[in-house]
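Chemist: Below is a structure I'd like to ask you about.
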Protein chains: 2
Amino acid sequence: MTRRSTLGARNRGIPEATVARLPVYLRALHTLADRGIVTVSSEELAAAAGVNSAKLRKDLSHLGSYGTRGVGYEVQYLVYQISRELGLTQDWSVAIVGLGNLGRALAGYGGFASRGFRMAALLDADPAIVGERINGLTVEHIDKLEHVITDCGISIAVLAVPASAAQAVCDRVVASGVTSILNFAPVVLTVPDGVDVRKVDLSIELQILAFHEQRKAGGPAGVEHEYLEAVDGQ
Amino acid sequence: MTRRSTLGARNRGIPEATVARLPVYLRALHTLADRGIVTVSSEELAAAAGVNSAKLRKDLSHLGSYGTRGVGYEVQYLVYQISRELGLTQDWSVAIVGLGNLGRALAGYGGFASRGFRMAALLDADPAIVGERINGLTVEHIDKLEHVITDCGISIAVLAVPASAAQAVCDRVVASGVTSILNFAPVVLTVPDGVDVRKVDLSIELQILAFHEQRKAGGPAGVEHEYLEAVDGQ
DNA sequence: CCCTGTGAAGCCATTCACAGCT
DNA sequence: AGCTGTGAATGGCTTCACAGGG
C-alpha cells in the first residue's frame, strides 16, 4: 500500500476520470453561485452535475477535505479549489489554427475567454482569410506560426484544419513549444511524449449514437444478407 | 459465469469502450483501402488507429473471428463488418437544431453525409435565420420541430442551441420520438431512459488540457497563497 | 514461424455501506 | 441527526502471454 501524506489528501495523481468530471462540477457550482446558493450537499451537487453522490464525494476527496460533515460544501470555496486544481487561476494563451467554418465558430465562442483561456492568435494558410478580423483578432498567415506561438507564449493549440494538413501543422506547433493540442481534424495525431492531445470528432460521436440506435431497433441489420451482396457494386 | 453461444462470438453486449474505438478503426481501414491495401495485420492497423495491437485484437474479437491466423485481416471485409455492427449499412436521418456559427459549421461538414448519415432538417428559432438555405437545405422555424422530426423520420438530433434553450429543445425532440442526441450546449441534459445523449464541450476539453499543462509546469499554483486573498471580498 | 484469438492477471473506476465528525 | 470521507467490494477495461490455426 502506498504511503500518503499524513495530512489528509494532498495527493498528486488525481484519476483521469475524475479530472474529466471536475469541469462539470465547476460549471454546476457556478450556476449555483449565480443563484446565490452558499452551501450545497453532495447529493444536490451530484444531481446538478448528472452523476451519483458517491462518485462526486470520491472525486472531491482526491482534492482534499473541503466539505463539512453534516452540512455540505461551501460553493465559493469549492469553486476556488477546483479552479486551482484545474489550473484556471492562471491564464492560458490559446491559438486557433484553421479558420474555416469550424474555426470561426470556435473563435466566436464566448464561454472561451470566460475562465482562464485567452484567445491569443488565429492562423490560417488561405490568403483570402489571412488579414480578416475575427472577434477582435487579425488572422495571421501560418508562415508566422513559430513566431506567433513563441511571442504570445502559447501552450495550447486548437487545430481546426483539414485532415490532410493536421499532422504537419501538429508537428510545427509542437516544434514551437506547444504541449497541449485540441484536435478537431478527423485523424490520429502522432506526438512526442509529454504532449497531450484531445480529440473532438463529430463523425465518431454520430457513429457511436448510430450503434446504440440500431441496438434499440434490434441488433445489426444484414445478418441474413451476405457480405458479397453488399459489396457487389461498391 | 454467463453462458455464451457455442459458436464463437456472436455476442450482444460489446463493451462501450470498444464501441467508441470502432469508428477509429473504420476510418483507418478506409484510409488503407484508398491506398489499395488488401490485407492488414493487427499490429499495422493498431498503429494506424493509435492503439496497441492487443487491444485492437480484443476489440475485434467481440465482433467475431474475422481475421486469418498467420495473415491478418482483409481490409474490405473488416470495413463491412464494422460498418454493419455500427449500424452504418442503413441511413440515419439527422436534424441540426440551432444554426449559429457552430450549427452552420456542422451543417457544412462534409464527412457527415459521407457514410450513413443524411442531414435531413435544419431548425432555428431566429426569424433572421429561418428561410436561409444552407448546404442545400432550407432552415425551418423551430415551431415546426415536431412536424419535421416525424415527417423526416429523424432519430438523431444535433443540438447547437444556446445553453439556456438546450433542455427545452431536448424535451421537445425527445417527445417527438428522437432517441439519440448529440449535445453541443454546455449543460447537463436530463432525458428519459432509452434516450442516449453524447456531449461535446470545447470548454471542458480545454480545462482538461489546462490541468495536465499545469501539472507539467509543477503542480497547482496558489498552494502558498491563501484562498481569502484570492476571493478578497468574500 | 507468423499472427490471431483469448484465458488470466492486473489495473482502474464505480458503487456500497458505514465510521466518524459537526 | 445529517452528511462527508473512505475502506472494501464489485465490475469493467487493458495488458500480458501463449495456445493453436494457417
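Chemist: Find the strands (runs of 3 or more DSSP E) located wholly in the stretch A:111-221 whose residues include 2 or more that are more than 11 Å from chain B (Cβ to nearest Cβ), and list them.
Modeler: Values: elements: A:117-124, A:137-141, A:156-159, A:180-183, A:196-199.
Filter on the stretch A:111-221 gives A:117-124, A:137-141.
Chemist: Name the residues in the stretch A:17-30 that are more than 8 Å from DNA strand C (Cβ to nearest atom), surrounded by fewer than 19 Cβ atoms within 10 Å (Cβ to Cβ) and more than 9 Å from every other protein chain (Cβ to nearest Cβ), would you?
Modeler: A:H30 - this is the single residue of the stretch A:17-30 that is more than 8 Å from DNA strand C (Cβ to nearest atom), surrounded by fewer than 19 Cβ atoms within 10 Å (Cβ to Cβ) and more than 9 Å from every other protein chain (Cβ to nearest Cβ).
Chemist: Checking A:D126 against (1) exposed (fewer than 15 other Cβ atoms within 10 Å of the Cβ); (2) more than 22 Å from A:P186 (Cβ to Cβ), which single condition isn't satisfied?
Modeler: So the condition that A:D126 fails would be (2).
Chemist: If you don't mind, there's one more thing I want to ask. Could you say whether any residue in the stretch A:203-218 is open to solvent by 20 Å² or more (accessible area, probe 1.4 Å) and within 30 Å of A:G87 (Cβ to Cβ)?
Modeler: Checked the stretch A:203-218: at least one residue is open to solvent by 20 Å² or more (accessible area, probe 1.4 Å) and within 30 Å of A:G87 (Cβ to Cβ).
Chemist: Somewhere in the stretch B:52-61, is a residue assigned by TED's automatic domain parsing to the domain that holds B:I156, open to solvent by 60 Å² or more (accessible area, probe 1.4 Å), closer than 19 Å to A:D201 by Cβ and of a type in the set (K, R)?
Modeler: Start the filter on the stretch B:52-61 by keeping residues that are assigned by TED's automatic domain parsing to the domain that holds B:I156, which leaves none.
Taking every residue of the stretch B:52-61 in turn, none turns out to be assigned by TED's automatic domain parsing to the domain that holds B:I156, open to solvent by 60 Å² or more (accessible area, probe 1.4 Å), closer than 19 Å to A:D201 by Cβ and of a type in the set (K, R).
Chemist: Still on this model: Could you give me the residue pairs with C-beta distances under 7 Å whose first residue belongs to the stretch B:67-79 and is closer than 14 Å to B:T89 by Cα and within 14 Å of chain A (Cβ to nearest Cβ), whose second residue is assigned to a loop (DSSP other than H, G, I, E, B) and within 15 Å of DNA strand D (Cβ to nearest atom) wherever it lies, and which are 6+ apart or on separate chains?
Modeler: That search, which allows pairs on different chains as well, returns B:Y77/B:Y66; B:L78/B:Y66.
Chemist: Further, regarding this structure: Is the stretch B:140-152 home to any residue that is at pLDDT 95 or above, within 19 Å of the chain's Cα centre (by Cα), surrounded by 15 or more Cβ atoms within 10 Å (Cβ to Cβ) and in the same structural domain as B:V97 (by TED's automatic domain parsing)?
Modeler: no
Chemist: Would you mind finding the one in B:G87, B:G64, B:G70 that is open to solvent by less than 20 Å² (accessible area, probe 1.4 Å) and within 9 Å of DNA strand C (Cβ to nearest atom)?
Modeler: Checking each option against the conditions leaves just B:G64.
Chemist: Something else now. Being of a type outside the set (S, T, N, Q) and within 15 Å of DNA strand D (Cβ to nearest atom) is the filter; apply it to the stretch B:41-54 and report the residue that is nearest to the other protein chains (Cβ to nearest Cβ).
Modeler: Restricting to residues being of a type outside the set (S, T, N, Q) and within 15 Å of DNA strand D (Cβ to nearest atom), the top hit is B:G50.
Chemist: Just to be sure before I move on: is B:L99 more than 7 Å from chain A (Cβ to nearest Cβ) and within 16 Å of DNA strand C (Cβ to nearest atom) in the structure I sent?
Modeler: Values: more than 7 Å from chain A (Cβ to nearest Cβ): yes; within 16 Å of DNA strand C (Cβ to nearest atom): no.
No: the conditions fail for B:L99.
Chemist: Of all residues being at pLDDT 95 or above and in a loop (DSSP other than H, G, I, E, B) in the stretch B:12-40, which is nearest to DNA strand D (Cβ to nearest atom)? Just the residue, please.
Modeler: B:P15
The values are calculated or read from the model by the stated rules, or taken from the named source; none is laboratory data. Keep in mind it's a predicted model, so treat the numbers as computed, not measured. Positions of Cβ are generated from backbone atoms using ideal geometry, with glycine treated the same way; all protein chains shown enter the neighbour counts. Quick note on the areas: whole protein, heavy atoms, side chains included, nothing else; ligands and nucleic acids left out. Shrake-Rupley method; radii C 1.70, N 1.55, O 1.52, S 1.80 Å.
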